[in-house]
Amino acid sequence: MKILILGAGQLARMMSLAGAPLNLNVVAYDVGSKKIVHPLTNEVYSTTLEQSIAEVDAITAEFEHIPDDVLTLCCASNKFYPGKAAIKTGGDRAIEKALLSKTEVACAPYKLITKKAHLVEAVTALGKPLVIKTCQAGYDGKGQWRLKSDDQIDQIWSEMADFIASGSEQMPHTIIAEKMIPFDREVSIIGARDKSGNTVIYPLTENQHTNGVLTLSVAGKEKSAIQQQAEDAFNKIANELNYVGVLAIEFFDVDGQLLVNELAPRVHNSGHWTQQGVHCSQFENHMRAVAGLPLGSTELKQVSAMINVLGQSVIPHDVLKVDNVTSHWYGKTPKPGRKMGHINVSAASLHELGERLAELAEYLPEEQYPGVLATSTSLILN
């Protein structure tokens, strides 16, 4: 069976690796170059997008911001999963908020903004501080502002106005203002839904971010009540979208109440730990779902952590001295803050996981790998 992935980055790479043992052969469409490529070797094929759509058995995506003409073409084949509605929802916060309202899944209070008067109204209605986000084209903390006082309104609006003006009648740009909610931590749930509506859901993951970018995730800490909240939200959203594939939902945990931060209609950075922590990784389950194969077990095999490698030219080889550690390199050109790879570490208990993170901290400087040592201490003490 042959699968076409829209996008040719590290997620396509890991989906290809997961699909190979299942006899799923993958090609990728590089949206930037508009070429069909091999996601592992980067070999460029002479095949056009239209030809590839005709040749493959299923089509999926590794990211949300797909040009509308490409998305429309793929959806017309009736081979595209998770579906146009899901991709559009993940790529537009206004559509996402409407979905959350429809499914009655909790999120922070918000207001949509297309003119300065709306921003002033949001300050009055929601109070300060506000988190302001572009509805389209934002990721990893980009396209965001923090409004803490009235004297920031004019400056922030001038920057927002530039973004709104860059839209078009066919693809308008909008902005959303959300009430800033003091939260205890950020967590995410990842699950897979097949073509018959069956679902499997992974254990909730606790995430740490630095400057808006995920730096560290830990899985295996959660109590059943919090897990159940997240699973209920997943099922409501996935069923409403008639979703096929892996879906990720990020939450704020506010005193045990989960509020959705955002959705990702794809495999997700906070689920990379599943490569070693469970029987069937998020990448394999996504490939199984779009290919029409039975979904695999998401039962926790061992508590695990994932450490992002950001902007580094290599992963230190010494990390492999630590038991139950694997390194995953993406083969990209290093740039500051760019996701270059990740490190997975697993253990039989949270205490042991803390000890292994402490060992890793000896090889991973705090300035490049924030939070590793502090997380190890927290796990050992608790």
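The values are calculated or read from the model by the stated rules, or taken from the named source; none is laboratory data. These figures come from a predicted structure and were not determined experimentally. In this analysis, Cβ positions are derived from the backbone assuming ideal geometry, glycine residues included, and neighbour counts consider all displayed protein chains.
Tabulated data for the structure shown
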{"item": "Residue check, residue 355 within 23 Å of residue 220 (Cα to Cα), of a type outside the set (Ser, Thr, Tyr) and touching a helix residue (DSSP H, G or I) at 6+ places or on another chain (Cβ under 9 Å)", "result": "yes"}
{"item": "The one condition in (1) outside any helix (DSSP H, G or I); (2) surrounded by fewer than 23 Cβ atoms within 10 Å (Cβ to Cβ); (3) within 16 Å of the chain's Cα centre (by Cα) that residue 295 fails to fulfil", "result": "(3)"}
{"item": "Set 46, 16: member being among the hydroxyl-bearing types (Ser, Thr, Tyr), closer than 28 Å to residue 188 by Cα and not assigned by TED's automatic domain parsing to the domain that holds residue 231", "result": "16"}
{"item": "Hits in region 79-105 (condition: touching a strand residue (DSSP E or B) at 6+ places or on another chain (Cβ under 9 Å) and β-branched (Val, Ile, Thr))", "result": "87, 89, 105"}
{"item": "Restricting region 25-36 to residues that are in contact (Cβ under 8 Å) with a residue 12 or more places away in the chain and more than 23 Å from the chain's Cα centre (by Cα), the residue that is surrounded by the fewest Cβ atoms within 10 Å (Cβ to Cβ)", "result": "34"}
{"item": "Residue list for region 57-69, restricted to those being more than 19 Å from residue 283 (Cα to Cα) and of a type outside the set (Asp, Glu)", "result": "65, 66, 67"}
{"item": "Candidate set from region 298-321 (those that are in a strand (DSSP E or B) and of a type outside the set (Ser, Thr, Tyr)); member that is nearest to residue 221 (Cα to Cα)", "result": "303"}
{"item": "Matching helices (runs of 4 or more DSSP H) fully within region 1-83 where at least 3 residues are of a type in the set (Asp, Glu)", "result": "none"}
{"item": "Any hit, region 314-329, residues being of a type in the set (Lys, Arg), surrounded by fewer than 19 Cβ atoms within 10 Å (Cβ to Cβ) and either in contact (Cβ under 8 Å) with a residue 24 or more places away in the chain or more than 19 Å from residue 210 (Cβ to Cβ) (or both)", "result": "yes"}
{"item": "Number of positions in region 106-124 that are out of contact with any strand residue (DSSP E or B) (no Cβ under 6 Å at 6 or more places or on another chain) and either outside the structural domain of residue 155 (by TED's automatic domain parsing) or of a type outside the set (Lys, Arg) (or both)", "result": "7"}
{"item": "Of residues in region 242-284 being under 19 Å from residue 213 (Cα atoms) and polar (S, T, N, Q), the one surrounded by the most Cβ atoms within 10 Å (Cβ to Cβ)", "result": "270"}
{"item": "Single residue of region 363-373 satisfying the filter (surrounded by fewer than 14 Cβ atoms within 10 Å (Cβ to Cβ) and either in contact (Cβ under 8 Å) with a residue 12 or more places away in the chain or under 18 Å from residue 322 (Cα atoms) (or both)) that is nearest to the chain's Cα centre (by Cα)", "result": "368"}
{"item": "Residue that is modelled with pLDDT under 95, out of contact with any Phe, Trp or Tyr (no Cβ under 8 Å at 6 or more places or on another chain) and under 23 Å from residue 216 (Cα atoms), where the choices are 182, 172", "result": "182"}
{"item": "Every residue from region 107-118 that is touching a residue at least 60 places away in the same chain (Cβ under 8 Å) and surrounded by 15 or more Cβ atoms within 10 Å (Cβ to Cβ)", "result": "107, 108, 110, 111, 112, 113, 114"}
{"item": "Residues that are part of a strand (DSSP E or B), more than 24 Å from residue 78 (Cα to Cα) and touching a helix residue (DSSP H, G or I) at 6+ places or on another chain (Cβ under 9 Å), drawn from region 217-257", "result": "217, 218, 219, 249, 250, 251, 253, 257"}
{"item": "Members of region 141-167 that are assigned to a loop (DSSP other than H, G, I, E, B), more than 16 Å from residue 113 (Cα to Cα) and without any contact (Cβ under 8 Å) to a residue 24 or more places away in the chain", "result": "148, 149"}
